[in-house]
């Protein structure tokens, strides 16, 4: 169960939870809602990324669907379609993706990423997820890092995310998925 959060103080803290066997089903439910709304812009299957997509991994319990699109420009009308499903558009890294959170920026249960399928971000996020799924020792190392960063940056999402970057880069380099533009 998620702790009660005082949302008057801004964003919810980073609170890691043990793997929840319901996360895959929560993703599948969201995928089923998103698929018809995004159909005009999709170029493939909506994927489950992030730590909730890795069996056994601790996670800040936010479900991350990543939807493949041809381009950001061509998928711009999808922003309104997704907002009708309760997502809030947030121009985070707007040159790389259309990013949304749900139900709000202060309290998040979902992060939706509309990403060009032929881009580095798509390839790298899938490669990183798959590397963690294949290698329990690697996933355990990542969990240790996540606990350390969550303790140090509980109320600083950006610092928490940036702290994971060297590890993610090392994993992507080791599996040959790191691109020059990343």
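The values are calculated or read from the model by the stated rules, or taken from the named source; none is laboratory data. In this text the structure is predicted, and so the values were computed from the model without any measurement. As a convention, Cβ positions derive from the backbone with ideal geometry for all residues, glycine included, and neighbour counts pool all protein chains shown.
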So the check is Cβ under 8 Å with 6+ separation or different chains; which pairs have a first residue in the range 136-147 that's over 18 Å from residue 49 (Cβ atoms) and a second one that's part of a helix (DSSP H, G or I)? 141/167
Tell me, yes or no, whether the range 121-135 has at least one residue that is within 17 Å of the chain's Cα centre (by Cα), in a strand (DSSP E or B) and without any contact (Cβ under 8 Å) to a residue 60 or more places away in the chain. no
Please work out if residue 162 is surrounded by fewer than 19 Cβ atoms within 10 Å (Cβ to Cβ), under 15 Å from the mean Cα position of the chain (by Cα) and in a helix (DSSP H, G or I). yes
Scan the range 105-116 and tell me whether some residue there is more than 14 Å from the chain's Cα centre (by Cα) and either surrounded by 19 or more Cβ atoms within 10 Å (Cβ to Cβ) or at pLDDT 95 or above (or both). yes
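Looking at the range 35-77, which of the residues that are part of a helix (DSSP H, G or I) and out of contact with any strand residue (DSSP E or B) (no Cβ under 6 Å at 6 or more places or on another chain) is farthest from residue 153 (Cα to Cα)?
36
Do the conditions hold for residue 24, that is, is it crowded, with 18+ Cβ neighbours inside 10 Å and either farther than 25 Å from residue 149 by Cβ or touching a helix residue (DSSP H, G or I) at 6+ places or on another chain (Cβ under 9 Å) (or both)?
Criteria not met by residue 24.
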Kindly provide the set of residues from the range 82-104 that are buried (at least 19 other Cβ atoms within 10 Å of the Cβ), outside any helix (DSSP H, G or I) and either free of Cβ contacts under 8 Å to residues at least 12 places away in the same chain or touching a helix residue (DSSP H, G or I) at 6+ places or on another chain (Cβ under 7 Å) (or both), ordered by number. 97, 98, 100
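Would you mind stating whether residue 151 is free of Cβ contacts under 8 Å to residues at least 12 places away in the same chain, out of contact with any strand residue (DSSP E or B) (no Cβ under 6 Å at 6 or more places or on another chain) and assigned to a helix (DSSP H, G or I)?
Working: free of Cβ contacts under 8 Å to residues at least 12 places away in the same chain: yes; out of contact with any strand residue (DSSP E or B) (no Cβ under 6 Å at 6 or more places or on another chain): yes; assigned to a helix (DSSP H, G or I): yes.
Yes.
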